[in-house]
Amino acid sequence: MREVRPDKSTAWEFRIAELPEEYRLAGTQSCVRLENGNTILCARGDNGRTPQLVEVTPDKQVVWVVKDWKNLGPASAVQILRDGGIPENPGECMR
């Protein structure tokens, strides 16, 4: 995942290889930035072999992981309903 500024420089980047091996995602789909600055990474989960969701802090520490193939399917995207997210200001940052 890469957050890019309007001048095309990288504001933040996260590579799947930066996750601990047991949390590595497969078939990544999207990500969501939360109000607290953390990011939720969404994935299709490699047919149940890897997690569907992982939340990481800006300094790339894992907060929580969802790997529940009994009750949930792939996570192409997620919307956290009680989190306002970080609003995008035109020209400031593009996600």
Report summary line: Contact list, first residue from region 1-13 and farther than 17 Å from PRO58 by Cβ and aliphatic (A, V, I, L, M), second anywhere and at pLDDT 90 or above and part of a loop (DSSP other than H, G, I, E, B), beta-carbon distance below 7 Å, six or more apart or interchain, is none
Report summary line: Over region 28-57, the set of residues within 19 Å of LYS67 (Cα to Cα), surrounded by fewer than 16 Cβ atoms within 10 Å (Cβ to Cβ) and of a type in the set (Gly, Ala, Ser) is SER30, GLY48
Query raised in the report: Looking only at residues in region 1-49 that are part of a strand (DSSP E or B) and among the basic types (Lys, Arg), which one is nearest to ALA77 (Cα to Cα)?
Result: ARG33
Report task. List every residue pair whose Cβ atoms lie under 9 Å apart, where the two residues are 6 or more positions apart in sequence or sit on different chains, the first residue falls within region 44-60 and is farther than 13 Å from LEU25 by Cβ, and the second residue, located anywhere, is outside any loop (DSSP other than H, G, I, E, B). Result -> THR57/THR39; THR57/VAL63; PRO58/TRP12; PRO58/THR39; LYS60/GLU18
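The values are calculated or read from the model by the stated rules, or taken from the named source; none is laboratory data. Since this is a predicted model, take the numbers as computed values, not measurements. Note that each Cβ is placed from the backbone with ideal geometry, even for glycine, and that neighbours are counted across all protein chains shown.
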